[in-house]
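Okay, so here's the structure we're looking at.
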Amino acid sequence: MTESLNTMKSTALTNTHIALGAKMVPFAGYNMPVSYAGLNEEHATVRNGVGVFDVSHMGEFILNGPHALDLIQKVTSNDAAVLTDGKAQYSCLPNADGGIVDDLLVYRINSESYLLVVNASNIEKDWNWIKKHDTWGVEMKNISENTSLLAVQGPKAMDALQKLTDVKLADIPYYSFVKGKFNGIDNVVISNTGYTGAGGFELYFDNKHAQAMWDGIFKAGTEFGIKPIGLGARDTLRLEMGFCLYGNDIDDTTSPIEAGLGWITKFNKDFTNKANIEQHKLQGVKKKLVGFEMIDRGIPRHDYPIADASGTIIGKVTSGTQSPTLNKAIGLGYVTTEFSKPDSEIFVIIRDKPIKAKVCKIPFLKK
């Protein structure tokens, strides 16, 4: 562990997390805080109040030029042509085999300038994939190493953050953003996005402002009980919403259609491997990603087998946890299509024993 931590990258706030007593772990090549006060407490803080995640390990690319949109349309599944200035969308990068290179956010700054936000573990892979398909000579900048990203999430996030900016946060719709002055710092991207389902904003800015931003946000949020939140709670929060995690629920072998991402796969344009993925939609797929909740006692974990009542293996768990909000065990997993309907009885194999569960609609947490 010591040797691996020595080779880990740090965010601009790594020393701050260590000083706060965070439990640090290697994640996607970075030394990251997994928890501070404990997962359940941090999870509840975000669901009920406001918490701050340092997610500066994420990757950011800027694409500029008259053909920036052409390139984005070619490599992503969603239709970025519908974006107007200040709008963002969730999308994915299909690969040549019907799977997914990565999922990402696409931000339209203007008609010739876009920001792509990708997963930390895939920065180099995504960059190379997009570059490979650039037949137009689009100007691409990888600003990941110089960019910090704080996700301030929870129902009290807006109240806390509004103290730090003249931008009217209530006027920024979901999946929209503005560039403005925040905490006295110019050119901050203030984005009404997040991967918790609890509401809030994500803030992009230069690394040199990281400590000032962190300190300002925590001062502004004191009256709301603001707390730092680790990656452990980020995982349980996104799972309650049924949001996919790359490397668990989606990867290079899973089709967007299998993963329930047909809603971000638009066939009114040409994109990488469109024909193959369109066949998945038209002809159906053999497996589907489903949500499920445990009926009998047991916590599902990544890669646990899923069986039918006769013991035949029909799939596997991709994500699972004891939901802090719902106080029951939940999970995501791929099952053969005939078991994908809500209320289908399935069994998760935990320590060689079949434990009863049932398929349910996601999100698990209904607003």
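In terms of overall dimensions, the C-alpha atoms belonging to the range 286-360 reach 32, 24, 19 Å along their principal axes, ordered largest to smallest. Exposure proxy for Trp263, Trp214: other Cβ atoms within 10 Å of each Cβ, ordered fewest to most, give Trp263, Trp214. Considering only alpha-carbon pairs that sit under 8 angstrom and 6 or more positions apart, the relative contact order computed for the chain is 17 percent.
For Lys23, the shell of other residues with beta-carbons less than 15 Å away shows a net charge of -2, using +1 for Lys and Arg and -1 for Asp and Glu.
Here r is the Cβ-Cβ distance between Glu124 and Lys181 and R0 is 25 Å; the resulting FRET efficiency, rounded to 0.05, is 0.15.
Report note on the peptides 220-228, 132-140: ranked by the mean count of other C-beta atoms within 10 Å, highest first, their order is 220-228, 132-140. The Cβ shell under 13 Å around Thr45 holds other residues with a net charge of +2, Lys and Arg each +1, Asp and Glu each -1. Among the listed pairs Lys131/Lys208; Lys286/Lys341; Lys274/Lys316; Lys341/Lys366, those whose Cα-Cα separation exceeds 21 Å are Lys131/Lys208; Lys274/Lys316.
Only aspartates and glutamates eight or more places from Lys353 in sequence, or on another chain, were considered; those with a Cα closer than 15 Å are Asp296, Asp303, Asp308. Between Thr253 and Lys219, the modelled label-to-label distance comes to 5.1 nm, taking each label 7 Å out from Cα in the direction of the beta carbon. What the Cβ-Cβ distance of Lys341 and Ala96 gives, at R0 = 22 Å and to the nearest 0.05, is a FRET efficiency of 0.10.
With neighbours defined as other Cβ atoms within 10 Å of a residue's Cβ, the residues Ser176, Ser191 order from fewest to most as Ser176, Ser191.
Values in this text are rule-based calculations from the coordinates and carry no lab data. Remember, it's a predicted structure, so these values are computed and weren't measured experimentally. Don't worry about glycine lacking a Cβ; one is built from the backbone with ideal geometry, like all the others, and counts go over all protein chains shown.
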